[in-house]
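The values are calculated or read from the model by the stated rules, or taken from the named source; none is laboratory data. The model shown is predicted, which means the values in this text are computed figures rather than measured ones. A quick note on method: Cβ atoms are made from the backbone with ideal geometry, for glycine too, and the neighbour counts reach across all protein chains shown.
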Amino acid sequence: MKLLLVRHAEPDYSIDSLTPKGRREADLLAGRLSVLEGVEGWYVSPLGRARDTAAPTMARVGREAEVLPWLCEFRARPLDPVTGKPRCAWDYPPRLWTAHEPLRSYAHWTEDPLMQSGNVQTVWEETKAGVDALLARHGYVRDWPVYRCENNRKGTIVCFCHFGIGSAILAYLTGISPVVVWQNFCMQPSSVTTLITEERVKGEVVWRCMGYGDLSHLWAAGEPCSTAALFAEVYDGIDTTEAR
């Protein structure tokens, strides 16, 4: 089984939708996803930018993606120790988060003081429960450190979602601290991350990442990737991940 985590295309956060470039990205993405065979389920975040990204694909395949509320982004907002204001759990300056060793641990990252404020633990538990419920619908039942299955097969599950929640799903299925994924990896807009089951023991699978943040649908069409994913590669004094 394959699990595709598709980040929404270039966003216009002011209207929770896509920029004109984002709509081009979504159309190119549809050309790629609509030819997939054996898709068992199409799922989408309730947020507009994810639904608008999924729409061209759904129109081509004649299906409707099921909305999963927990895919609506990893919405936990711990308090910034410097400003005292809420901030995204995945958005801390390098010198700050790397000084907190527990953040690197899958088992202990939510116990670190940086993550103790706000609702981080609650959203993490919701995310794990959501992933397990979704996979159980397709016959994969978590039995740590594996998933039990009676009928592993070559099908595909597609989730249109967001960077924060997509990274959290990847981290959960591979046993990595989400903080490490949030801080050191980048799912660019409209990118596809692929996880696949590996059944080395009959009836038991683990999930392996076979491709991360793939943008081949853009490169093939000569469409540049969006900058709405990274801080500046070279310092420019603009502290933002908005498109520019």
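Per-residue answers, yes or no, for (1) free of Cβ contacts under 8 Å to residues at least 24 places away in the same chain; (2) within 15 Å of the chain's Cα centre (by Cα):
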{"site": "Gly164", "(1), (2)": "no, yes"}
{"site": "Thr174", "(1), (2)": "no, yes"}
{"site": "Pro178", "(1), (2)": "no, yes"}
{"site": "Trp182", "(1), (2)": "no, yes"}
{"site": "Gln188", "(1), (2)": "no, yes"}
{"site": "Thr193", "(1), (2)": "no, yes"}
{"site": "Glu199", "(1), (2)": "no, no"}
{"site": "Asp214", "(1), (2)": "yes, yes"}
{"site": "His217", "(1), (2)": "no, no"}
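Specify which of the listed residues (Val35, Val44) is among the β-branched types (Val, Ile, Thr) and within 19 Å of the chain's Cα centre (by Cα).
Values: Val35 fails: within 19 Å of the chain's Cα centre (by Cα).
None of the other options fit; the residue is Val44.
Evaluate the following for Leu18: is it at pLDDT 95 or above, within 14 Å of Val192 (Cβ to Cβ) and in contact with a strand residue (DSSP E or B) (Cβ under 9 Å, 6 or more places away or on another chain)?
Spelling it out, it is not the case that Leu18 is at pLDDT 95 or above, within 14 Å of Val192 (Cβ to Cβ) and in contact with a strand residue (DSSP E or B) (Cβ under 9 Å, 6 or more places away or on another chain).
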Could you grab me the full set of residues in the range 132-170 that are in contact with a helix residue (DSSP H, G or I) (Cβ under 7 Å, 6 or more places away or on another chain) and charged (D, E, K, R)?
Arg142
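Does the range 20-32 contain at least one residue that is part of a loop (DSSP other than H, G, I, E, B), of a type outside the set (A, V, I, L, M) and in contact with a helix residue (DSSP H, G or I) (Cβ under 8 Å, 6 or more places away or on another chain)?
Quick first cut of the range 20-32, residues part of a loop (DSSP other than H, G, I, E, B) only: none.
Checked against the condition, which is being part of a loop (DSSP other than H, G, I, E, B), of a type outside the set (A, V, I, L, M) and in contact with a helix residue (DSSP H, G or I) (Cβ under 8 Å, 6 or more places away or on another chain), the range 20-32 yields no hits at all.
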Residue that is surrounded by fewer than 14 Cβ atoms within 10 Å (Cβ to Cβ) and under 30 Å from Thr227 (Cβ atoms), where the choices are Val120, Val82
Val82
